[in-house]
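Undergrad: Starting off with a structure, shown below.
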Amino acid sequence: MSDYVLSGPEWANETVTWYFSGPSGFLPEISGAFSRWDGVISLDFVQVVSSSVADIVVSFEYIDGAYNTL
């Protein structure tokens, strides 16, 4: 790793908020992913109840066009 230098934008503080909008069956997976990241980096990921106050919004949207075509 000594050949690499990490630089660029950083989070303004150590707490990053996230919001999930999608099928509730996926929430355990999304929450678990943030928990795993939380355990290995120096940021705290906190779920919030509104997308308007979230730093990260995870959602499921349809991307298909008319007649299920892209």
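Undergrad: What's the total number of residues in segment 12-27 that are in contact (Cβ under 8 Å) with a residue 40 or more places away in the chain and more than 13 Å from the chain's Cα centre (by Cα)?
TA: First pass over segment 12-27, keeping only residues in contact (Cβ under 8 Å) with a residue 40 or more places away in the chain: 16, 18.
Subsequent filtering for residues that are more than 13 Å from the chain's Cα centre (by Cα) retains none.
Looking only at that region, the number is 0.
Undergrad: How many residues are hydroxyl-bearing (Ser, Thr, Tyr), without any contact (Cβ under 8 Å) to a residue 12 or more places away in the chain and open to solvent by less than 80 Å² (accessible area, probe 1.4 Å) if we restrict to segment 46-70? First the steps, then the outcome.
TA: First pass over segment 46-70, keeping only residues hydroxyl-bearing (Ser, Thr, Tyr): 50-52, 59, 62, 67, 69.
Going one step further and asking which of them are without any contact (Cβ under 8 Å) to a residue 12 or more places away in the chain, we end up with 52, 62, 67, 69.
Retained after the next criterion (residues that are open to solvent by less than 80 Å² (accessible area, probe 1.4 Å)): 69.
Result for segment 46-70: 1.
Undergrad: Scan segment 22-45 for residues that are open to solvent by less than 60 Å² (accessible area, probe 1.4 Å) and either modelled with pLDDT of 95 or more or assigned to a helix (DSSP H, G or I) (or both) and report the count.
TA: Of the residues in segment 22-45, the ones open to solvent by less than 60 Å² (accessible area, probe 1.4 Å) are 22, 27, 30-34, 38, 43, 45.
Imposing the further condition that a residue be either modelled with pLDDT of 95 or more or assigned to a helix (DSSP H, G or I) (or both) reduces the set to 27, 30-34, 38, 45.
Residues flagged as open to solvent by less than 60 Å² (accessible area, probe 1.4 Å) and either modelled with pLDDT of 95 or more or assigned to a helix (DSSP H, G or I) (or both) within segment 22-45 amount to 8.
The values are calculated or read from the model by the stated rules, or taken from the named source; none is laboratory data. Note that this is a predicted model, so its numbers are computed, not measured. Here Cβ is always computed from backbone atoms with ideal geometry, including for glycine, and neighbour counts include all displayed protein chains. To get the accessible areas, we keep the full protein, side chains included, count just its heavy atoms, and leave off ligands, DNA and RNA. Shrake-Rupley method; radii C 1.70, N 1.55, O 1.52, S 1.80 Å.
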